Ligand SMILES: Nc1ncnc2c1ncn2[C@@H]1O[C@H](COP(=O)(O)OP(=O)(O)OP(=O)(O)O)[C@@H](O)[C@H]1O
Ligand SMILES: [Mg+2]
């Protein structure tokens, strides 16, 4: 589907997605990439400029929002301030002329699931942010829709509450198995909640895969850079051939490429490429996976950030670059010269540019 707003802003440039029954699908991407527009088109709150949307096999392009059997929860959920929690949750059902007994059953069931039974007679202003958020969820749950649409529902909550509510959402989905499309710009939320994660940018889908799939096999540099904290390290360089071997050469150092990477690199000799490796793909001491002197980069330890059993090391390398390594915690002084061993299994080569293609993707096994 495509969406062009008045004034020729094309917010969504041809998205094609099939969401499985009962699936929890997360749309993630930077601000302005078209996530909300996509969701609002599914909800029927925006006309679509081109394409079709079907829900459960029925094309709903011209079906009114209220008849699409979906329930949406926004970032700025507006609860009715003069109504109790109970009435807030019952309101939508009342409008749809549900019998009183049925309304009561659904509201109490949802309240129980969400742990807000004791709050039913309160008004919204007497609730915490997290409790209000649960009421907003409750309003969606009582509708028992075939699809839930969430647009950054947790972004108004503080960090701790966000993590708790996130876990609650996951439990909720396990229990109800309602097909869900969830929008966030928080990559951690995307990774922890999604059965599949759709990474968007500039109105396009960059990649759609399982959380591990997008993390371990990013199709391009954008996806690689967007997911993961600290982010993947990138080193600009070029591929040269030496004695029949392919070598990645950069200001930061040389990396001899063997195996799968070697084969790929052989096809790009003489080309500029970007080497990508996540912080956990760099080791301070040789390990079973990362132990080759010809796959190591020298540097000087700038800063250590302890994380309990692990630590992040920020290491300056030749040429002015800086790498981040996440390694087992140990005592090491800042300013020390270090050697970072690269784990070949965690190494990627990208074409240059923000959206440079991942040249080292392996075929799905
Ligand atoms: N009503 C509108 N009229 C014109 N342009 C719009 C309208 N709504 C959104 N846009 C534009 O469409 C693009 C996508 O917007 P959208 O709200 O879908 O982004 P988003 O991914 O949800 O971003 P955020 O993370 O900031 O919520 C943006 O460039 C935005 O400025
Ligand atoms: Mg949005």
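What follows draws every value from the coordinates through simple rules; no lab data is involved. As the structure is a prediction and not an experimental result, all values here were calculated from the model. Note: ideal-geometry Cβ built from the backbone for every residue, glycine included; neighbour counts use all protein chains shown.
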(message) For a Förster distance of 35 Å, can you work out the FRET efficiency between the beta-carbons of residue 351 and residue 67, rounded to the nearest 0.05?
(response) 0.15
(message) Two decimals, Cα atoms only, Kirkwood Rh: what is Rg/Rh over region 233-350?
(response) 0.98
(request) Compute the distance in nm between two label points, each set 7 Å from the Cα along the Cα-to-Cβ direction, one at residue 225 and one at residue 188. (result) 2.2
(request) Counting residues in the chain as N, plug N into 2.2 N^0.38 Å and put the Cα Rg over that result. (result) 1.20
(request) Provide the FRET efficiency to the nearest 0.05 for the residue 294-residue 204 pair, computing r from the beta carbons and using R0 = 30 Å. (result) 0.20
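Using helices alone, what [θ] at 222 nm do you get for the chain, with -39,500 (n - 2.57) per DSSP H run of 4 or more residues, divided over all residues and rounded to the nearest 500?
Details: 9 runs with 94 residues, N = 365.
When only DSSP H runs of four or more count, the value is -7500 deg cm²/dmol.
Taking the DSSP beta bridges in the chain as the whole, what percent of them are antiparallel, to the nearest 5?
75
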(message) Could you order the peptides 310-323, 118-131, 195-208 from most to least packed, using the average number of other C-beta atoms within 10 Å per residue?
(response) 195-208, 310-323, 118-131
(request) Enter the angle in degrees (range 0 to 90, nearest 10) between the Cα long axis of helix 100-114 and the first principal axis of the Cα atoms of the chain, meaning the one along which they spread out most. (result) 30
(message) Please compute the length gained on full extension between residue 216 and residue 76, using 0.36 nm multiplied by the number of residues separating them and subtracting their Cα-Cα distance.
(response) 47.0 nm
(request) Would you mind checking the tilt of helix 85-95 against the longest principal axis of the Cα atoms of the chain, expressed as 0 to 90 degrees and rounded to 10? (result) 70
(message) Between residue 45 and residue 334, what's the calculated FRET efficiency when r is the beta-carbon distance and R0 is 51 Å? Round to 0.05.
(response) 0.45
(request) Working from Cα positions, state the angle (0 to 90°, nearest 10) between the long axis of helix 129-142 and the longest principal axis of the chain. (result) 60
(message) Please give the Cα centre distance for region 319-351 versus region 87-149, rounded to the nearest Å.
(response) 50
(request) Report the residue, chosen from 287, 165, 180, that carries the largest GNM mean-square fluctuation when the chain is represented by alpha-carbon nodes joined by springs under 10 Å. (result) 287
(request) Highest first, please rank the peptides 56-66, 264-274, 215-225 by the mean number of other Cβ atoms sitting within 10 Å of their residues. (result) 215-225, 264-274, 56-66
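With contacts defined as alpha carbon pairs under 8 Å and 6 or more residues apart, what's the relative contact order of region 1-146 in percent?
Details: 153 pairs, mean separation 30.6, N = 146.
RCO, region 1-146: 21 percent.
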(message) Distance between the C-alpha centers of region 18-39 and region 64-78? Whole Å please.
(response) 15
(message) Could you work out the relative contact order of the chain? I mean the mean sequence separation of Cα pairs under 8 Å and 6+ apart, divided by the number of residues, in percent.
(response) 15
